[in-house]
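Peer 1: Sharing a structure, written as structure tokens. Questions coming.
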Amino acid sequence: MIYNKKNRNRMAVIILLVFAVVILGACGEEYQEGEHGDIQLYFVDNNQTNLVTMTYGIKSETISGQVEEVLEQMNKKSKKINYLPAIPDQVHILNISITDKILYVDFDAGYLQMNIVEELLCRSAIVLTLSQLNGIEYVIFTINQQPLTDASGNPRGSMKASDFVGESGSSINAYQEKKAVLYYANESGDRLVAEEYSGFYAQNTPVEKFIIDRLMKSPADQTLKSPLPSDLKLISVTTKDGICYVNFDSTFLEEALGVTPEVQLYSVVNSLVELPYVNKVQISINGETDRKFRDYVSLRDAFNRNLDLIE
């Protein structure tokens with residue numbers, strides 16, 4: 001009788017240990033250390049309003065293999081009940097290619113069937129995930145080999161992770177679409193050309209910041225170019241009583257490649273004055289207005305729109 005009780009106790013312990021191993025193994029299936037580093041896979045939560053992440057270990061050695069591996073994992077439903085694939089079932093990837101650290105992802109027409117929220121979540125998740133891979137700096141989407149366009153019909157062009165800062169863990173309802181008129185430099189860099197742009201921005205972010213951030217990036221029209229230095233830092237921006245106060249770091253004083261000083265300066269001014277509540281723009285450098293832009297334009301006074309520079 002004592003022998004049987006001991007055996008029953010021993011069996012109970014064994015069963016509990018086996019059960020614990022199974023549970024731990026199931027939990028461990030979500031993450032296994034990769035031979036070529038770890039990244040965060042981006043998924044959509046069950047409410048389809050947030051992006052959520054899961055650590056994943058990369059197994060493939062080549063960059064093309066890693067891209068295929070990651071996209072395959074992103075298409076799987078996570079064992080975590082609130083994680084859904086960011087790429088809907090009706091959206092299929094036809095081809096991927098990599099050139100000069102730019103990843104091209106070609107989708108079928110199912111991509112165009114997504115609503116605004118689904119599309120933003122899908123695009124954000126893919127770019128945020130794949131741009132973590134070494135060798136991938138930008139991502140370009142195409143639909144049946146045709147450029148993906150925004151609501152205004154302009155090509156979205158190359159995208160990088162910083163384009164979607166704030167998307168992860170933030171409700172998509174906190175973002176709204178904004179149409180803006182931006183002034184880029186023409187091909188010779190001596191005139192301004194207006195380009196309409198439509199994109200999403202966080203409601204707790206000033207629209208003025210959204211505009212300046214976009215000016216720093218390449219325009220959709222490839223014959224135009226950004227008039228601002230690529231490493232320019234926007235310290236702050238705010239609007240009061242019709243004057244938009246823009247505070248840059250000293251990089252703004254440096255020469256932008258192939259762009260005249262007037263074009264660089266008024267690309268910012270004209271773009272911001274397009275906002276209905278902005279009449280003038282006051283530019284400061286590290287908080288100081290007692291500076292000269294390119295050694296001859298004083299920043300002491302606020303600037304009005306300059307229509308003479310527009311093509």
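Peer 1: Using r as the Cβ-Cβ distance of Q48 and E137, and R0 as 22 Å, what FRET efficiency do you calculate, to the nearest 0.05? Show your work: numbers first, answer last.
Peer 2: Values: r = 29 Å, r/R0 = 1.31.
For R0 = 22 Å, the calculated efficiency reads 0.15.
Peer 1: Short version: ³J(HN,Hα) in whole Hz for each residue of segment 277-285, in order, from phi by Karplus 6.51 cos²θ - 1.76 cosθ + 1.60 (θ = phi - 60°), x for Gly and Pro, what are they?
Peer 2: Karplus values, whole Hz, x for Gly and Pro: 9, 10, 9, 9, 10, 9, 9, 10, 10.
Peer 1: In addition: Where a Cα-Cα gap under 12 Å defines reach, which aspartates and glutamates qualify for K59, not counting those fewer than 8 residues away within the same chain?
Peer 2: E33, E35, D38, E68, E69
Peer 1: Now a separate question. Check the straight Cα-Cα distances from K280 and name the aspartates and glutamates below 12 Å, setting aside those fewer than 8 residues away within the same chain.
Peer 2: Cα-Cα hits under 12 Å: D241, D301.
Peer 1: Classify segment 227-291 from the C-alpha gyration tensor, please: rounded if a/c falls under 1.5, else prolate or oblate depending on whether a/b exceeds b/c.
Peer 2: Values: a/c = 2.13, a/b = 1.38, b/c = 1.55.
Verdict is oblate for segment 227-291.
Peer 1: Across segment 59-65, in residue order, what do the Karplus-derived ³J(HN,Hα) couplings come to in whole Hz, using 6.51 cos²θ - 1.76 cosθ + 1.60 with θ = phi - 60° and x for Gly and Pro?
Peer 2: Listing the rounded values in order: 10, 6, 8, 7, 5, 5, x Hz.
Peer 1: Taking 0.36 nm per residue of separation and subtracting the Cα-Cα distance, what length does fully extending H92 through T251 add?
Peer 2: Value of the extension gain: 53.0 nm.
Peer 1: Still on this structure: Work out the FRET efficiency for V297 and K101 from their Cβ-Cβ distance, taking R0 = 41 Å, and round it to the nearest 0.05.
Peer 2: Working: r = 36 Å, r/R0 = 0.89.
Taking R0 as 41 Å, the efficiency between V297 and K101 is 0.65.
Peer 1: At a probe size of 1.4 Å, how large is the accessible area of S226, to the nearest 10 Å²?
Peer 2: 30 Å²
Peer 1: Report, for segment 233-311, the % of DSSP beta bridges that are antiparallel, rounded to 5. Before the final figure, lay out each step's value.
Peer 2: On the way: 10 of 16 bridges.
Around 60 percent of the beta bridges assigned by DSSP in segment 233-311 are antiparallel ones.
Peer 1: Can you give the extra length, in nm with one decimal, that the chain gains between N304 and E274 once fully stretched, where that is 0.36 nm per residue apart less the Cα-Cα distance?
Peer 2: Working: separation 30, 0.36 × 30 = 10.80 nm, distance 1.12 nm.
Contour length minus the Cα-Cα distance gives 9.7 nm.
Peer 1: Taking only C-alpha pairs under 8 Å that are 6+ residues apart, what is the relative contact order of segment 237-288 in percent?
Peer 2: Values: 56 pairs, mean separation 27.9, N = 52.
Relative CO of segment 237-288 lands at 54 percent.
Peer 1: Probe radius 1.4 Å, ligands and nucleic acids ignored: give me the carbon and sulfur share of the accessible area of segment 40-115 as a rounded percent. Before the final figure, lay out the partial values.
Peer 2: On the way: 1820 of 3940 Å².
Taking all protein chains in place, segment 40-115 shows 46 percent carbon and sulfur surface.
Peer 1: Say R0 is 51 Å: what FRET efficiency, to the nearest 0.05, do I243 and T62 get from their beta-carbon distance? Mind dumping the intermediate values first?
Peer 2: Values: r = 54 Å, r/R0 = 1.05.
Between I243 and T62 the formula returns 0.45.
The values are calculated or read from the model by the stated rules, or taken from the named source; none is laboratory data. Keep in mind it's a predicted model, so treat the numbers as computed, not measured. As a convention, Cβ positions derive from the backbone with ideal geometry for all residues, glycine included, and neighbour counts pool all protein chains shown. Heavy atoms of the whole protein, side chains included, go into the accessibility calculation; ligands, DNA and RNA do not. Shrake-Rupley method; radii C 1.70, N 1.55, O 1.52, S 1.80 Å.
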